[in-house]
1. Out of the residues in the range 171-215 that are charged (D, E, K, R) and either under 30 Å from Leu244 (Cα atoms) or touching a Ser or Thr at 6+ places or on another chain (Cβ under 7 Å) (or both), which is modelled with the lowest pLDDT?
2. Among the residues of the range 93-140, which ones are under 18 Å from Val288 (Cβ atoms) and in contact with an Asp or Glu (Cβ under 8 Å, 6 or more places away or on another chain)?
3. Could you pull out the residue among Ala56, Ala76, Ala71, Ala17 that is modelled with pLDDT under 90 and part of a helix (DSSP H, G or I)?
4. So which of Val249, Val282 is at pLDDT 70 or above and farther than 20 Å from Val137 by Cβ?
5. If we scan the range 145-157, do we find a residue that is within 30 Å of Asn117 (Cα to Cα) and crowded, with 17+ Cβ neighbours inside 10 Å?
6. Check off (1) in a helix (DSSP H, G or I); (2) surrounded by 23 or more Cβ atoms within 10 Å (Cβ to Cβ) for Cys86 and give me the number that stays unchecked.
7. Taking the conditions exactly as written (within 12 Å of Leu19 (Cα to Cα), touching a residue at least 12 places away in the same chain (Cβ under 8 Å), touching a Phe, Trp or Tyr at 6+ places or on another chain (Cβ under 7 Å) and not aliphatic (A, V, I, L, M)), does Gly236 satisfy them or not?
8. Check whether at least one residue in the range 264-272 is in contact with a Pro (Cβ under 9 Å, 6 or more places away or on another chain), modelled with pLDDT of 75 or more and either charged (D, E, K, R) or over 30 Å from Gly35 (Cβ atoms) (or both), and report yes or no.
Amino acid sequence: MTPRARWTGDLVMVGTAMLMGSSYPFAKEVLAGLGPLLFSGSRYLLAAAFLFAAMALMRRPLGLPARDLPAMLLLAILGVTFFQSCWGLAIERTQPSLGSILMTTTTAFSALIARANGRVLPAAGWLGIAIAFAGVVLVVNNDLTRVTLGAVDPVGAALWLVAAFAWALYVDRGAPFNARLGALRVMAWTTLLGAGLLVPLALLVEGGSGFARLDDQLWSFWLYTAIFPVGVAFLGLTYGLDRLGVGPVMVYMYLIPVAGVGLSVLFFGDELTPARAVGGLVVLAGVVVTRRALDRVTPAPV
């Protein structure tokens, strides 16, 4: 890979992570009127239409070989139906800034999955993950002088960690299909299939009356979370997967809280404390250390 292509991929992933993080505060507002399962499923269904439209405009193949359908269905259940169910239920119980931070553990889960599969991350990479995770803990604790982690909803935190593991596993298991079919086609099909399963489940559990409770502002928030943090961000994610591989892409998940916390502070009254500011800088330092470590090894996924 040329240096220019690598840096382009890095810049795209920075923007992608920021877009993904931006969904958290807006989603929290929409969930005041819409159930978490229906919110998650409906926005992913719209995002799937966006991804297929993007493929058509780029003249990419839209079809899926019949032999790949069972695998795509399993990936869809893992990476969309199950992941988004946990995501929606978790954000209903917790602050959006906390959720965006806990989801950064996808990077650590990705490295552990890779290690279990025999792919070795350099020691400096593990150091970077440890540094970033320390920053995550500091931001979650939200205090520089005392431990306040007991105030975190344990069920909500557990749901975030399960969601993070599901996402890391989805990205890892999808890598061979990305190489053969293209990451965009895999992402589009799994988004469509996963949302197609989640929406009927949501209607069965929550009913469909939630949409009637959305005013114009909440409708605009719902539309934003479908198009930009999912549709556009997934385009960026597939670009990064195709050019950088799984490992570097997962490193950028640590940037998600920058957008999640920042937008929560700017628009939704969340507090930016010194602990969160320091913790955010520690997270960024960990990202830099891990990314530099990955640059010194082969470009295979972590």
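The values are calculated or read from the model by the stated rules, or taken from the named source; none is laboratory data. Values in this document were obtained by computation on a predicted structure and should not be read as measured data. In this analysis, Cβ positions are derived from the backbone assuming ideal geometry, glycine residues included, and neighbour counts consider all displayed protein chains.
1. Among those that are charged (D, E, K, R) and either under 30 Å from Leu244 (Cα atoms) or touching a Ser or Thr at 6+ places or on another chain (Cβ under 7 Å) (or both), it is Asp172.
2. Ser110
3. Ala17
4. Only one candidate qualifies: Val249.
5. yes
6. (2)
7. no
8. No, the range 264-272 contains no residue that is in contact with a Pro (Cβ under 9 Å, 6 or more places away or on another chain), modelled with pLDDT of 75 or more and either charged (D, E, K, R) or over 30 Å from Gly35 (Cβ atoms) (or both).
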